[in-house]
Amino acid sequence: MTAVLARRKTAVVVLALVGAALALLVLRLGPSPSPANAASHREAPLIANDPPADITDFYMFRSTQPGQADKVDLIMDVIPFEEPSGGPNYYNFDPSVAYRFQVDNDKDGKADDVSFEFRFTTEIRGAVNSLGLPLSYVGGVPPATGAVIPPITSLDSPGLGLRQHYSLTMIKHGHRTVLSPMTDKIAVPSNVGPRTMPSYDALAAQGMYDLGGGVRVFAGQRDDPFFIDLGAAFDTLNLRSPATDMLSGFNVNTIALELPASLLTRDHKNPAQTNHPWLGAYASTSRPRVTVLGGHGHEHWDRHHSRRFVQVQRLANPLVNELIIGTKDKDRWNTLDPDQESRFLDYYENPRLALALSLVFGAPVPATPRHDLENALLKYGPSDPGYSELLRLNVSSAPGASWPNGRRPADDVTDTAIQVVGGPAFAGAGDGVNVNDRVLPNVFPFLASPWDGRNRVHANP
């Protein structure tokens with residue numbers, strides 16, 4: 001969405017559209033705010049051109065699944081606006097991208113205490129390879145010339161022609177531990193359609209792996225939980241009631257990791273200990289750092305592992321880069337670590353969104369500097385000496401706590417953000433799009449099954 005803003009030349013239009021993006025808003029200032037979600041789709045100019053590395057959402061929360069309250073779930077979604085019918089290749093994780101969850105457990109604002117890195121490989125296999133077929137996924141083919149290609153009901157089915165494996169590595173105190181090697185974990189493919197994949201939910205269940213020790217992992221396609229009337233918002237706030245969810249029927253690729261809180265916290269025996277119950281975390285994507293040697297055109301990765309990759313996007317709290325950071329700084333913001341957020345303090349202390357809301361809707365601007373935003377988004381507590389933009393979770397709080405104490409997929413973050421940034425004049429503000437296109441489940445991996453390519457629907461549910 002912000003990529004659209006970056007292309008606008010007129011300041012008045014910029015302000016109007018920025019106001020639209022958060023207020024999204026059939027802004028109804030009333031006693032009954034309606035639920036909404038938010039995301040970070042295409043929020044910076046460079047990442048808008050790199051979908052496999054574009055993180056749309058990041059979640060961290062104590063599991064709300066019955067019997068799993070001692071677990072913490074970390075989820076990142078990537079590849080915004082996946083059109084379900086987008087064959088023949090559909091959507092895959094990028095083998096050149098390092099997908100990471102990075103955690104701070106000592107409250108110093110540096111998310112370098114525990115990290116989890118996912119890497120992917122891609123193979124062309126099965127009937128698609130042996131027959132030279134032009135489709136990545138083939139199934140339900142009747143007998144022809146003595147050959148049959150059955151529906152894809154297993155991650156080993158011969159019709160699953162493009163298949164991705166992935167590894168999971170934990171980095172703790174500088175030591176790398178492979179929790180799952182590249183050989184046996186398979187990413188769940190895109191949902192092509194009922195002839196090719198007649199029991200997609202059963203197929204996806206095969207991609208939910210128990211690694212032992214209370215650790216579960218999933219990688220594959222899910223329904224995009226973000227919903228908004230995009231067309232009305234960007235038609236110069238030409239809002240309507242009822243609103244239309246223009247992201248209905250789109251999917252994302254999801255990486256979900258569930259693990260005992262004790263693997264994340266500083267105090268492993270008692271994660272809820274008073275002194276260290278807090279976690280701060282963010283999701284990131286990084287690409288190889290390439291060096292071109294003078295005159296010869298050869299390329300290589302830096303030999304030092306810590307310098308092999310350069311971060312291309314980060315996401316902790318929702319909406320920060322999208323609606324707080326100015327367009328001219330969005331790309332630089334994505335490459336920096338969260339503990340360098342002091343470089344961007346002016347955006348928090350004098351939020352342009354609040355000004356935009358005032359200009360568009362005639363509401364008063366809250367007094368500045370906005371230390372309340374700094375405390376909510378950049379600190380564990382007001383007395384913290386530094387600033388770090390992390391999603392924070394108190395693991396001693398009960399499951400079901402909502403953003404900014406962690407974030408669950410169902411959290412109403414847009415309403416929360418508009419009410420906080422906009423100030424008292426926007427108390428009770430809500431979004432006219434009231435429901436996601438699919439119900440969010442209360443079991444791992446907590447996101448709904450994706451729309452299939454043949455029967456996808458882009459309509460208000």
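Only the coordinates and a few stated rules stand behind these numbers; no lab work does. Just so you know, these numbers come straight off a predicted model, no measurement behind them. Methodologically, a virtual Cβ is constructed for each residue, glycine included, from the backbone with ideal geometry; neighbour enumeration extends over all protein chains shown.
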Please list, ordered by chain and number, the residues whose modelled amide H lies under 5 Å from the amide H of Gly140; skip anything fewer than 5 residues away on the same chain. Ile152
Modelling each spin label as a point 7 Å along the Cα-to-Cβ direction, I'd like the Asp346/Arg308 distance in nm, to one decimal. 3.9
Which ³J(HN,Hα) values in Hz, rounded to whole numbers, follow from the phi angles of region 158-167 under the Karplus curve 6.51 cos²θ - 1.76 cosθ + 1.60, where θ = phi - 60° and Gly and Pro get x? x, x, 7, x, 9, 10, 10, 9, 8, 10
Among Lys71/Lys172; Lys172/Lys328; Lys185/Lys379; Lys328/Lys379; Lys110/Lys330, the pairs whose Cα-Cα distance exceeds 29 Å are Lys172/Lys328; Lys185/Lys379
Give me the one-decimal nm value for the distance between modelled label points at Ser397 and Val141, 7 Å along each residue's Cα-to-Cβ direction. 5.3
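Quick one: length gained pulling Arg240 to Tyr209 fully straight, 0.36 nm per residue minus the C-alpha distance? Display every interim value, and only then the final one.
Numbers: separation 31, 0.36 × 31 = 11.16 nm, distance 4.37 nm.
Taking 0.36 nm per residue and subtracting the Cα distance, the gain is 6.8 nm.
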Please report how far the C-alpha centroid of region 317-352 lies from that of region 386-461, rounded to the nearest whole angstrom. 21
Amide H of Gln221: which non-local residues (sequence gap of 5 or more, or other chain) have their own amide H closer than 5 Å, using H built in the peptide plane? Val188, Thr254
Which distance in Å, rounded to a whole number, links the C-alpha centroids of region 115-139 and region 241-260? 25
Kindly put Glu349, Glu82 in sequence by how many other C-beta atoms sit within 10 Å of each C-beta, fewest to most. Glu349, Glu82
Extension gain, Asn129 back to Asp267 (0.36 nm per residue minus Cα-Cα distance, nm): 44.7 nm
Could you run the Karplus curve 6.51 cos²θ - 1.76 cosθ + 1.60 with θ = phi - 60° over region 192-206 and give me ³J(HN,Hα) per residue in whole Hz, x for Gly and Pro? 6, x, x, 6, 6, 10, x, 10, 5, 4, 5, 5, 5, 4, 5
Taking the Cα-to-Cβ direction at Val443 and at His371 and moving 7 Å from each Cα, how far apart do the two end points lie in nm? 4.9
